[in-house]
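Reviewing the structure listed below.
The values are calculated or read from the model by the stated rules, or taken from the named source; none is laboratory data. The shown structure was predicted, so the numbers you read here are calculated from the model rather than taken from an experiment. Glycine also receives a Cβ, built like all others from the backbone with ideal geometry; neighbour counts cover every protein chain displayed. These area figures cover heavy atoms from the full protein model, side chains too; ligands, DNA and RNA do not enter into them. Shrake-Rupley method; radii C 1.70, N 1.55, O 1.52, S 1.80 Å.
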Amino acid sequence: MSKTAYTTHHGMTDLLPGEIEQWQALEAIIHETARLFHFQEIRTPVLEQTELIARGVGQLTDIVSKEMFTFDRGEDHYVLRPEGTAPVARAYVQHHLAQRGGTQRLYYIGPFFRAERPQKGRQRQFHQFGAELVGARGSIADVEIIAFMTRIYRQIGITNTTLKLNSVGEPESREAYRKALRDYFKPLAGQLSEVSRNRLDTNPMRILDSKEEQDQPLKAGAPVITDFLSAASRKHFESVRDLLDKLRIPYDVDPFLVRGLDYYTETAFELTSPDLGSQDALGGGGRYDLLIEEVGGPPTPAVGFACGIERLMIACEALGLKLADPSGPDIYFVTRGEEAARWALEKMPDLRNSGLVCTMDYSGRSLKAQMKDANRQQARFAVIIGEQELNDNMFTLRDMEKSEESLISGSEITERVLSS
Ligand code: AMP
């Protein structure tokens, strides 16, 4: 009989004990930060309609044109969600959240899927946390979103980051800008990388995103969008910068930071880290005043961010930041014989009611093996139970760290462990 050793798909990883504690600690920080900003969690399905993502994210994006995991069942077209904003916009429209009044303040944490070529910091299943302020037009909303995002990294101790900031203006300004970019790059087409050359007609703003070596000197002389902004956009951008200054959130204006999607408007930002290598974006976001309408809702201004958790973990590792250590049980019951094991099993609910973490051996191993296991699990105390101990109702309590033992009665266990 042949045996198959199954593995995860390429670019998808298991999160195992030892690593998961770090994730749980991060999630606690995200939930706590959201609480302080008074945002509420939203959980949307992992599968969405392909059409929603195609419309919401945009046909011309890499995500939609080549990175979606899709399948059909009957009449329905399913896609594993590649990002969180279009699903939130869908939920906002579907559940008429506008009728709840005011601005919707939503955040999410979860897995996302893109069929990218896996490399460090780039996976096919990855995780993001993000937040969206839906129904808010003013520059204060942009700045609250940026403050939310940056506060999480500051809380964790990832402080060597750069916040890049730009304005991509309104659609009319972008149209004029696109034309200017085409006029500028057309005569240089022969010197552009192939990817950029292909974008010349379809989406010339994406050329500015290019990381290709040969495009860099050509990009340097390109027109900047700042020169094409309307007076209103200019004012909005100035106000965002002014408010960031007031909050002492440092940023670099980067006129080449563009989000190549049509629904993006005004503010765009990205948080980068020098610890990430070539995939240096921790997260990013911006204003998307046209998306809700694009997916069938009423005109609704909105702004949000999304950040990658795997990349945050890479930054933590590079900086030697540990958010949590795996912790051992308070008590490990070392038992000899069936009756002792039963006694421990019956005792544990009470101890747990007092908040103590307890465990025991489940397979009748030797005392030596159980002590070894207690050590390996980093138990604070071992309670050793045999026939004699049961008869006398006196047990050996071993402080694992100090290697000290004392004799105590069954009813003393809780207090002794809680008080030390
Ligand atoms: P985006 O939705 O493309 O703006 O991505 C927001 C953030 O999610 C990025 O800055 C990354 O930190 C993270 N991210 C995006 N795609 C991936 C991926 N394939 N693997 C890991 N992280 C990703």
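Just a few scattered comments:
- Among the residues of region 95-108, those identified as at pLDDT 95 or above, open to solvent by less than 40 Å² (accessible area, probe 1.4 Å) and of a type outside the set (Phe, Trp, Tyr) are Leu97, Gln104, Leu106.
- A single member of Arg154, Arg178, Arg197 is among the charged types (D, E, K, R), open to solvent by 10 Å² or more (accessible area, probe 1.4 Å) and under 18 Å from Glu266 (Cα atoms), and it is Arg178.
- Residue within region 302-312 that is at pLDDT 95 or above and exposed (fewer than 15 other Cβ atoms within 10 Å of the Cβ) present: no
- Per the listing Pro326, Pro299, the residue uniquely more than 24 Å from the chain's Cα centre (by Cα) and surrounded by fewer than 19 Cβ atoms within 10 Å (Cβ to Cβ) is Pro299.
- Residue list for region 215-232, filter: of a type in the set (Ser, Thr, Tyr) and assigned to a helix (DSSP H, G or I): Thr226
- Restricting Leu52, Leu80 to those that are within 16 Å of the ligand (Cβ to nearest atom), touching a Phe, Trp or Tyr at 6+ places or on another chain (Cβ under 6 Å) and open to solvent by less than 50 Å² (accessible area, probe 1.4 Å) reduces the list to Leu80.
- Residue within region 65-86 that is in a helix (DSSP H, G or I) and without any contact (Cβ under 8 Å) to a residue 12 or more places away in the chain present: yes
- Screening Asp280 on (1) of a type in the set (D, E, K, R); (2) away from the ligand (no atom under 16 Å from the Cβ); (3) at pLDDT below 95 shows it passes everything except condition (2).
- Residues within region 271-326 that are under 23 Å from Ser139 (Cβ atoms) and not in a strand (DSSP E or B), tallied: 12
Matching residues to (1) open to solvent by less than 60 Å² (accessible area, probe 1.4 Å); (2) within 16 Å of the ligand (Cβ to nearest atom); (3) under 19 Å from the mean Cα position of the chain (by Cα):
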{"position": "Leu26", "(1), (2), (3)": "yes, yes, yes"}
{"position": "Pro45", "(1), (2), (3)": "no, no, yes"}
{"position": "Gly56", "(1), (2), (3)": "yes, yes, no"}
{"position": "Ile63", "(1), (2), (3)": "yes, yes, yes"}
{"position": "Arg73", "(1), (2), (3)": "no, no, no"}
{"position": "Val93", "(1), (2), (3)": "yes, no, no"}
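- Of the criteria (1) open to solvent by less than 40 Å² (accessible area, probe 1.4 Å); (2) under 26 Å from Ala86 (Cα atoms); (3) within 13 Å of the ligand (Cβ to nearest atom), which one Arg259 fails: (1)
- Scanning region 343-397 for residues that are out of contact with any Gly (no Cβ under 8 Å at 6 or more places or on another chain), outside any helix (DSSP H, G or I), open to solvent by less than 50 Å² (accessible area, probe 1.4 Å) and not polar (S, T, N, Q) yields Leu356, Cys358, Met360, Asp361, Phe381, Ala382, Val383, Ile384, Ile385, Leu397.
- Filtering Asp254, Asp275 for residues that are open to solvent by less than 70 Å² (accessible area, probe 1.4 Å), more than 12 Å from the ligand (Cβ to nearest atom) and in contact with a Lys or Arg (Cβ under 6 Å, 6 or more places away or on another chain) leaves a single hit, Asp254.
- Filter result for the condition that a residue is more than 30 Å from Gly101 (Cβ to Cβ), more than 13 Å from the ligand (Cβ to nearest atom) and touching a residue at least 12 places away in the same chain (Cβ under 8 Å), over Ile145, Ile156: Ile156
- For the criterion of being part of a strand (DSSP E or B) and either within 16 Å of the ligand (Cβ to nearest atom) or surrounded by 14 or more Cβ atoms within 10 Å (Cβ to Cβ) (or both), Thr267 passes.
- In region 98-114, residue farthest from the chain's Cα centre (by Cα) [restricted to those that are within 9 Å of the ligand (Cβ to nearest atom) and among the hydrophobic types (A, V, I, L, M, F, W, C)]: Phe113
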